[in-house]
Amino acid sequence: MKLNSPLIALILLSMVSNLLMLTGPLFMLQVYDRVLASRSVPTLLALTGLIIVLYAFSALLDALRTRIAVRVGNAIDANWSPRVFAAVLKGRLVNSTKGPDPVRDLDTARQFVSSGGPLALLDLPWLPIYLLLVFMLHPLLGIVCAVGAVVISGMAVASEIFLREPGRASTVASVKRQQLDDDARVNAESIRAMGMMNEIGALWRERNAELASTQQDQADQSSSYSSATKAFRYFLQSAVLAVGAFLVIQGEVTGGVMIGASMISSRALAPIEALVGQWRPLLAARDALGRLQALLKSQNDALPDVALPLPSNKLTVARVASGPTRQVGPLVQGITFELEKGDGLGILGLSGSGKSSLIRAILGIWPIMHGEVRLDGAAVWQYDPDRLGKTIGYLPQVVDLFSGTVAQNIARFRTDASSEAIIKAAQAARVHDLILSFQQGYDTPVGELGSRLSAGQRQRIGLARALYGDPFLIVLDEPNSNLDAIGDEALTASMLAARARGAIVIVVAHRPSAIASVNKLLYLQNGTQVKFGPKAEVLKEITVQQQRPTAQATQPGSSAQPTQEEQPAPHGSPKRREEAGV
């Protein structure tokens, strides 16, 4: 739904609705000044019938205004929701720090737009018109109403100033509690197994109490301003009656003018009172929209106008430096290598050497701060990410599947996926027979995050997902960390088959079996490239580097002699390779 038409309709309905609000004052003027003076019952009946029709029409317009406001809120949500969701996912890739949830911010904005707050804003421009009508009845009555409007407006401004800090504190407390809730859900097994329930429960009670306290403080102050505003409006209505009565005694106005002025002044100040009552949702919606606009502005990446052919030949990494954000700085730098179709690359290094950081840069998950990553000569940013993603297979360290069936997860939840393509990917990953052993086969629900499957089963189905669609670039981060010997053999066979059809395979490895299917190695240390080349050559260099400290320690004059446990392993042995991060 486009926003323009509902907004215009809402404005027009508000104009007519506010005009109909004059029905009551005009009726009182006629009753007091004509009906009572003439004692005409037919006139009274005619006026009564007219206001019944007008009030019924007014009720209909109010109902329409409310319904349209709800639809405007839904239209805003429909227009913003896809962009917000995409921005949230992209933001989570480069920033693990938790803050206000943009999806909840969008809900906050939608709920406010669908409430009575915006209707009060649309009624507010009629305040000067109502005041002008009161001035036309008598200048003194107009002055009293104008002073009252200034006082109530001042109270609204004061509530904005003094409620700003309590609102901010409430938001911070809410984020802290949500962060603990998210962490506890992810680590529920550890909490239960290690007897941490009391400690985490105590921390939850502390943060929950902090949130309740800040919300209570905000609610107390908000209700104080709302009650004071309402009381002052009641007083002002009585003040207008009192001044009107004085003017009646002086013979300057009639009784009908006195009652009409009181009703008009009450209606004129009603939007201000409504806004003061809606101040907390208004401030929350304003802050939420501000955060959403900042988020969307920071994630405003334009798609390329020209759709390049999808890559099928070469991956080039030249002097690449990358990290999660520019504020954090690069975690890997100076990385340079080139792979042709059919190549397999194993990335080795100790923990923290930058292996996972490098593949995030290659896949475009993290920004390139220096250098470039090219596919068939084109920089990765020149491709539409969604289109390019169909030619990429990725298996992260922690494989969390989506709630759905095995088939849906393998097919990456594509609605146009064929059964043949799904089975082909499963067979390529050597997991077809395993899936058939499930009670419901490919239709087996995997549960939340794949919780109904073992870690090894999740990893093998994740490999099938990575191989779905015969991708050109396959990147696997420690793909055999949860696999047994059978799974290891299946992984090696899958990677060799992918290379045979012309794919480029990149494997981050800690276990020797993971590099059985590659022909090249890249060795990283402290985020920098130490060696790249054929597998045998790099393994030899790694072994030599590992032996140098031991050789220096056993030179004549050295006080440190290696114990039996510290004796160097044979050249190129599995022990030495594992120390190198293989």
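Every number in this text was worked out from the coordinates using simple rules, so none of it is lab data. Quantities reported herein were computed from a predicted structural model and do not represent experimental measurements. Note that we place each Cβ from the backbone using ideal geometry, even for glycine, and neighbour counts take in every protein chain shown.
Some observations on this one:
- For segment 30-157: rounded, prolate or oblate by the Cα gyration tensor [a/c cutoff 1.5]: oblate
- Segment 252-409: projected area of the alpha-carbon convex hull, averaged over directions, in nm²: 19.2
- Remark: segment 185-263 is approximated by an ellipsoid whose semi-axes, taken from the C-alpha gyration tensor as √(5λ), come to 63, 10, 5 Å, largest first.
- Between V41 and V16, the contour length at 0.36 nm per residue exceeds the Cα-Cα span by 6.0 nm.
- For the pair A212 and L449, a Förster radius of 41 Å applied to the C-beta separation gives a FRET efficiency near 0.85, rounded to the nearest 0.05.
- Folded to 0 to 90 degrees: helix 455-467 orientation relative to the chain principal axis, Cα: 90
- Karplus-derived 3J(HN,Hα) values for segment 363-380, using 6.51 cos²θ - 1.76 cosθ + 1.60 with θ = phi - 60°, are 7, x, 6, 9, x, 8, 8, 7, x, 7, 10, 10, 10, 6, x, 9, 5, 4 Hz; glycine and proline are entered as x.
- Counting 0.36 nm for each residue step from D33 to V175 and taking away their Cα separation leaves a gain of 45.0 nm.
- Correct choice for mean projected area of the Cα convex hull in nm² that was computed from the model, options (i) 27.1; (ii) 57.5; (iii) 39.1: (iii)
- Taking θ as phi - 60° and the Karplus parameters 6.51, -1.76 and 1.60, the scalar couplings of segment 390-401 work out to 6, 9, 10, x, 9, 10, x, 4, 9, 9, 10, 7 Hz in sequence order, x denoting glycine and proline.
- Taking amide H as placed 1.01 Å from N in the peptide plane, G533 has its amide H under 5 Å from the amide H of L521, each at least 5 places away in sequence or on another chain.
- Kirkwood Rh (inverse of mean 1/r, distinct Cα pairs), segment 439-518, angstrom: 13.3
- In sequence order, calculated HN-Hα J values of segment 280-297 (Karplus, 6.51, -1.76, 1.60; Hz; x Gly/Pro): 4, x, 5, 5, 5, 5, 4, 5, 5, 5, x, 5, 5, 5, 5, 5, 5, 5
- Annotation: amide H-H contacts under 5 Å for V508 (H modelled 1.01 Å from N, sequence separation of 5 or more, or interchain): I347, L476, D477, E478.
- Taking the longest Cα principal axis of the chain as reference, the axis of helix 535-553 is set at about 80 degrees.
- Only Cα pairs under 8 Å and 6+ residues apart enter the sum, and on that basis the relative contact order of the chain stands at 13 percent.
- Estimated FRET transfer efficiency (R83, V147; beta-carbon r; R0 56 Å; 0.05): 0.75
- Shape analysis of segment 177-322 yields a ratio of the Cα radius of gyration to the Kirkwood radius, Rg/Rh, of 1.34.
- Remark: relative contact order (segment 4-298) = 31 percent; criterion is Cα-Cα distance under 8 angstrom and separation of 6 or more residues.
- Taking amide H positions as modeled 1.01 Å from N, with prolines and chain starts lacking one, the residues under 5 Å from G334 and 5 or more places away or on another chain are V320, A321.
- When +1 charges are put on Lys and Arg Cβ atoms and -1 charges on Asp and Glu Cβ atoms, the dipole computed for segment 330-435 relative to its Cα centre reaches about 160 debye.
- Which listed pairs, of K341/K531; K341/K540; K90/K314; K520/K540, have C-alpha distances above 18 Å, in listed order: K341/K531; K341/K540; K90/K314
- Simple spin-label estimate for E372 and D182 in nanometres, 7 Å along Cα-Cβ: 3.5
- Across all Cα pairs in segment 4-298, the calculated P(r) in 5 Å bins from zero up to the longest distance comes to 1, 5, 9, 11, 12, 13, 12, 9, 7, 6, 5, 4, 3, 2, 1, 1, 0, 0 percent per bin.
- Alpha carbon centroid spacing (whole Å) that separates segment 518-534 from segment 336-396: 14
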